[in-house]
Amino acid sequence: MRPSQKNLILDAAVRVTERDGITGLTLESAAEEAGVTKGGLMYHFRTRDELLVAIQKHLTRRWEELLEAELGKPLEEATVRESVTAYTRVGAQDTASKADLAFMVESAASPELAAIWDAHITRWAPVPTTAEPYDIDLLVARLAADGLWLLEATSSSPVPESVKAALRKRLAELTEGRTTDGE
């Protein structure tokens with residue numbers, strides 16, 4: 001099946017963002033990267049804001065696909081522990097993207113972009129409503145995976161693979177309800 005023109009444009013806009021940052025993303029730069037005219041792009045996205053919202057949805061769909069593959073079943077059939085475990089596993093992999101980071105930062109100033117990302121996160125790794133140790137362990141695992149992801153997205157000094165492996169092991173212990181001493 002041939003990819004839709006809309007998805008080709010969104011993928012091109014993500015590449016522009018990866019290369020030039022979100023400030024370098026214009027309707028013109030996205031059209032040029034996609035190999036379409038500006039008018040052809042504007043058939044799908046009339047304004048830069050419409051393009052930004054579509055890109056945020058496009059990026060979160062990619063995360064959804066990764067998370068669903070990790071989970072191995074529909075999210076609706078999963079427990080919170082299972083969804084947070086999938087979230088931490090995917091987040092602790094080498095999935096850091098400059099485009100994801102740029103859109104997360106942009107979300108801080110755009111309620112419309114923030115709402116898209118917040119809905120995604122709330123589905124997969126909700127903030128606990130209790131201070132029970134089990135819930136806190138899931139939150140700590142989520143925050144650690146987010147922190148590793150952010151470090152990988154922003155640092156030119158990669159975390160050694162042995163350290164990442166140890167962190168992934170500890171995250172699994174937290175999400176599975178185990179402690180480091182086997183309790």
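The values are calculated or read from the model by the stated rules, or taken from the named source; none is laboratory data. Just so it is clear, the structure is predicted and the values come from calculations on it, not from any experiment. Glycine gets a Cβ as well: all are built from the backbone with ideal geometry, and neighbour counts include every protein chain shown. Heads up: the accessible areas ignore ligands, DNA and RNA and are worked out on the full protein's heavy atoms, side chains in. Shrake-Rupley method; radii C 1.70, N 1.55, O 1.52, S 1.80 Å.
Got a number for residues in region 100-132 being touching a Gly at 6+ places or on another chain (Cβ under 9 Å) and either over 20 Å from ALA78 (Cα atoms) or in contact (Cβ under 8 Å) with a residue 60 or more places away in the chain (or both)?
Qualifying residue count for the region: 1.
Quick check: is even one residue across region 29-40 in contact with a Leu (Cβ under 9 Å, 6 or more places away or on another chain), at pLDDT 95 or above, at positive phi and small (Gly, Ala, Ser)?
For region 29-40, residues in contact with a Leu (Cβ under 9 Å, 6 or more places away or on another chain), at pLDDT 95 or above, at positive phi and small (Gly, Ala, Ser): present.
What single numbered condition from (1) more than 30 Å from PRO133 (Cβ to Cβ); (2) touching a His at 6+ places or on another chain (Cβ under 9 Å) fails to hold for TRP63?
(1)
In region 1-41, which residue that is hydrophobic (A, V, I, L, M, F, W, C) and open to solvent by 70 Å² or more (accessible area, probe 1.4 Å) is nearest to ALA102 (Cα to Cα)?
Checked region 1-41; the qualifying residue nearest to ALA102 (Cα to Cα) is LEU8.
Taking the stated definitions as given, is ALA54 in contact (Cβ under 8 Å) with a residue 24 or more places away in the chain, open to solvent by less than 30 Å² (accessible area, probe 1.4 Å) and farther than 15 Å from ALA13 by Cα?
It is false that ALA54 is in contact (Cβ under 8 Å) with a residue 24 or more places away in the chain, open to solvent by less than 30 Å² (accessible area, probe 1.4 Å) and farther than 15 Å from ALA13 by Cα.
Within region 1-51, which residues are within 29 Å of THR154 (Cβ to Cβ), in contact (Cβ under 8 Å) with a residue 24 or more places away in the chain and among the small types (Gly, Ala, Ser)?
Within region 1-51, ALA13, GLY21, ALA34 qualify.
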